[in-house]
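The values are calculated or read from the model by the stated rules, or taken from the named source; none is laboratory data. Just so you know, these numbers come straight off a predicted model, no measurement behind them. Because the Cβ atoms are built from the backbone with ideal geometry, glycine has one as well, and the counts that use them run over all protein chains shown. Each accessible area value is taken on the protein alone, full model and side chains, heavy atoms only, with ligands, DNA and RNA left out. Shrake-Rupley method; radii C 1.70, N 1.55, O 1.52, S 1.80 Å.
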Amino acid sequence: MIVTKNWLNEWIDVADIATEKLCETLNSIGLEVDSVTKLRIPEKVVVGRVLSCEKHPDADKLNICQVDLGFEKTQIVCGAKNVAAGQRVCVATIGADLGNGFVIKKAKLRGVESNGMICGADEIGLPKMNEGILVLDESIGALELGRELRSYEAFNDDVIEIELTANRGDCLSIRGVARDLAAAYDREVKLYSHTFQEDRRGVARVLTLNVIGAVDANLVYRFAELEPCSQKVLEAFRLACAGKYTELPFDQKIAYAIHNTGVILRAYDFDKLYNDEGKAVLTLKKDAEGIETLFCGDQALSQVGLNQRGAYGRIEGRHAILEASYIDPDRVSVYHMEHKPETDDLYYNTSRGSETDLELGLDFLCDRMQEACGARIYGGEERHRVGSESKVLKLTHAYIENFIGQEIDRSRVVAILNKLGLHCRAEGDYIIVEVADFRSDISHGQDIIEEILRFIGIDNITPKPLEIVEKRRINETYDLIRKRRAYRTKAAGAGFFEAVHYFFDNRKLLETYGLELLDPSLDLANPISEELNTLRTTLLMHLIESAGQNIKNGQKRVKLFELGRVVDSRRNEHEKIALLFSGNLEEASLLNHGKPEPVSFFSFCESVSAVTGAFRLEKARKNDKLFSPFEQASVMIEGKEAGVIARLHATVEKAFDLPRTYVCEIDFNALPYGNVIAKGYAKFPALTRDLSLLVPAGVDFAQIRRLLEESVAEEIRDFYPIDLYHDEGLGDRESVTVRFEIRSDEKTLTEEEINAMMDTVLATLGEKLGVTLR
């Protein structure tokens, strides 16, 4: 956002404040000043009047001009196409130093004497406004022949560029910045009163607005009958300073009004829209995609807040329909993200929040048009306004003081908020704030306190020693922090490096690999980039990308982990831990002859168990797009499914330039944590028995485990498979060898007792699952 000091002075009295002090104030209230440019016209550049203009006899592109400088009449040869008799112009007289060593001297151009130079704006240190010379008018003040231009205050201005954050759309205008300064300096924003005279003819004679359905936007329309329009130098100069200059005089008036007031303004050529009855019938309704759209017949003229379509916005006739509009910036931003419509320059303003005083913007524009174009403004308006409840926030004064950390006078709080256009009143212990629509960034009490603190100044908060009155307390949050630290330490101890990634992810990538997606209605309205356009539903994709980068950088062995939050499709948050092992199982060394083995499924499981503790695996097919269909399983902790462990699919490894890679993602809440309770150990020896079982096709070990856990003797402490074998002689059966660990706390078990237990195991398996001894 670019302002100038003189321009600001038209809305708030800052003439007595030095530019440097003004910039300090802007920085202190959160409007960061990016740059300051002081515009000063050189000496000996004066106002002149072109008395006559004739073609140079020996040069088609030169003109011989007789110029009245007030103190003398002189001859100047000029090459500008737009020079003409009767113009009042900028003349650099003999001896004027225009910078970079360019000093004006007497000269002869193609044999004709020239005593000076008729200048364009950029030649005297001003922003470029047009091609050719700068033609002056009295918008900068009374033009006196021979008077130095540097004595005109309008041109001796300081241009201030402010770096606004995206939530401060209320400061995208001169009036908006003035409003913040009014609160900072405890001064008043100047009231604007229009001066244009309304024509006796009413707008209803030529314009009808029909509203169909629920339209969530405010619009006001006026009608103007135009005469040929002229450019005003002051307006052109200021727009050029702001980077918004246009040579079309009518467009210049609209741009000047928008930058002044912050109201979104558009114009439509009535002569292209009226019907056989001489009226333009406009229809305002939502289009097929749900955004407010203005139609004339079947022709869409504009999408409110987004764009203006076709040639209807180019005023080529003598009649114009003037429009002021406001639409909720969140609606516009969400629609733009979902539908990607074409937008014009004004979308930048509407998506951040524009001014809601539509009549002020139209009044300002009508004044400029009547003054410069002799416009006749028809009486009355056509309008549509949305009936909406004001956003009201209620805070206690004690809450505000406690949040800021010191006592703040209540009357000062109320004064600051009212100066900002936030209607505020004190009732008992409460401060009640009615938030204006143009402050769409304010929605919570903390936002109000931030506004107060901006103007009190963080440097004015009295420093106090830190006082902590602590009591012994252990709660869920404290336990969660300790649990996180414990598992991070375990992961680092197992050789994994911690990775930290954005909470955002690439929706297209998640969809490609069959991962859970956030419901589109709950997705991000304004993603920070196309690659980070949704919230992450898994930690794996970022880990895979990081592993790929490490492999590309020459690493042969990559072990990464991340502990963080993800969301489900309904945007509910869950905490997970993910681990990745890619490449070699160990570093190259003498022991492996410089050729280490690649990581395998079971070696990865061992690494994961070093972090998570004991777990079991059950057969599962979770995701055949991301994981290998032959190496994936569910992770079971304390009998419940807690996550997944798998090798990446070959196509995924190829896509990310990875060698053999295994990943695991576990629900962090499923991992055990707490005090370890010590138990006594048995004094009697432990024994093992191995049974080779013939298992029918379709029966997996998880079924065997569940059955035996319910029926085996308590002396059987654990059992697990140690061998798997199959050949044609076994038919449709598999040979599985299971090892049983047996121990009694009371005695040394005899062979007969152990054999009885094994017989019970075999009988149970045979009866329930058809399993026999090999």
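Each peptide in 197-205, 245-253, 660-668 gets a packing score, the mean of other Cβ atoms within 10 Å over its residues, and the list from highest to lowest is 660-668, 245-253, 197-205.
Remark on region 558-652: ratio of C-alpha radius of gyration to 2.2 N^0.38 Å is 1.22. Per residue, the chain exposes 51 Å² of accessible surface when a 1.4 Å probe is rolled over the protein heavy atoms with every protein chain present. Using just its DSSP H runs of length 4 or more, each adding -39500 (n - 2.57), the chain gives a mean residue ellipticity at 222 nm of -7500 deg cm²/dmol after division by all residues. The apolar share of the surface of the chain, taken as the fraction of accessible area on carbon and sulfur atoms (1.4 Å probe, ligands and nucleic acids excluded), comes to 48 percent.
Placing +1 on each Lys and Arg Cβ and -1 on each Asp and Glu Cβ, with no other charges, gives the chain a dipole about its Cα centre of roughly 1120 debye. Pairs of C-alpha atoms in region 453-513 farther apart than 14 Å represent 80 percent of all such pairs. Across all Cα atoms of region 1-58, the radius of gyration (one decimal) and Dmax (whole number) stand at 19.4, 62 Å. Translational diffusion coefficient of region 180-322 (Stokes-Einstein, Kirkwood radius from Cα pairs, 25 °C, 0.890 mPa s): 142 µm²/s. With Cα atoms as the point set, region 337-411 shows a radius of gyration and Dmax of 21.2, 58 Å.
A simple charge model with +1 on the Cβ of Lys and Arg, -1 on the Cβ of Asp and Glu and nothing else charged puts the dipole of region 21-138 at about 380 debye relative to its Cα centre. Evaluated on region 496-605, the Kirkwood hydrodynamic radius is 15.5 Å, with distances taken between all distinct Cα atoms. Here, region 106-151 has an Rg and a Dmax of 13.0, 38 Å when only alpha carbons are counted. Residue ranges 165-178, 305-318 sort as 165-178, 305-318 when ordered by packing (mean number of other C-beta atoms within 10 Å per residue, highest first). The residue list His194, Leu219, Gly176 was ranked by how far each Cα lies along the charge dipole of region 163-262 toward its positive end, using unit charges on Cβ atoms, and His194 comes out on top.
In whole percents, the pair-distance distribution calculated for region 64-148 from its alpha-carbon pairs, binned every 10 Å from zero, is 17, 52, 30, 2. Label sites at Leu51 and Glu597, each approximated as a point 7 angstrom past Cα along Cα to Cβ, lie 10.5 nm apart. Under 4 °C and 1.567 mPa s, how fast does region 429-570 diffuse according to Stokes-Einstein, given a Kirkwood radius computed over C-alpha pairs? Answer in µm²/s, whole number. Approximately 64 µm²/s, per Stokes-Einstein. Evaluate region 615-745: find the radius of gyration of its Cα atoms, find its Kirkwood radius, and give the ratio Rg to Rh. Using only Cα positions, Rg/Rh for region 615-745 is 1.05.
Scoring 220-232, 320-332, 736-748 by mean Cβ neighbours within 10 Å over their residues and listing the highest first yields 320-332, 220-232, 736-748. Using equal-weight Cα scatterers in the Debye expression, the normalised intensity of the chain in log10 at q = 0.09 Å⁻¹ is -1.02.
Computed from phi, the 3J(HN,Hα) profile of region 384-394 under the Karplus parametrisation 6.51, -1.76, 1.60 (θ = phi - 60°) reads 9, 10, 8, x, 10, 6, 5, 7, 10, 10, 10 Hz, with x in place of Gly and Pro.
Checking the Cα-Cα distances for Lys490/Lys622; Lys128/Lys272; Lys38/Lys108; Lys44/Lys128; Lys81/Lys232 against a 30 Å cut-off, the pairs over it are Lys128/Lys272; Lys38/Lys108. For the pair region 155-226 / region 45-80, the C-alpha centres are spaced 42 Å from each other. The reciprocal of the average 1/r between distinct C-alpha atoms defines the Kirkwood hydrodynamic radius, which for region 539-593 equals 13.0 Å. Pair-distance distribution of region 578-627: all C-alpha pairs, bin width 10 Å, starting at 0; shares per bin in whole percent are 20, 42, 28, 10.
Compared with the rule-of-thumb size 2.2 N^0.38 Å for a compact globular protein, region 361-457 has a Cα radius of gyration ratio of 1.52.
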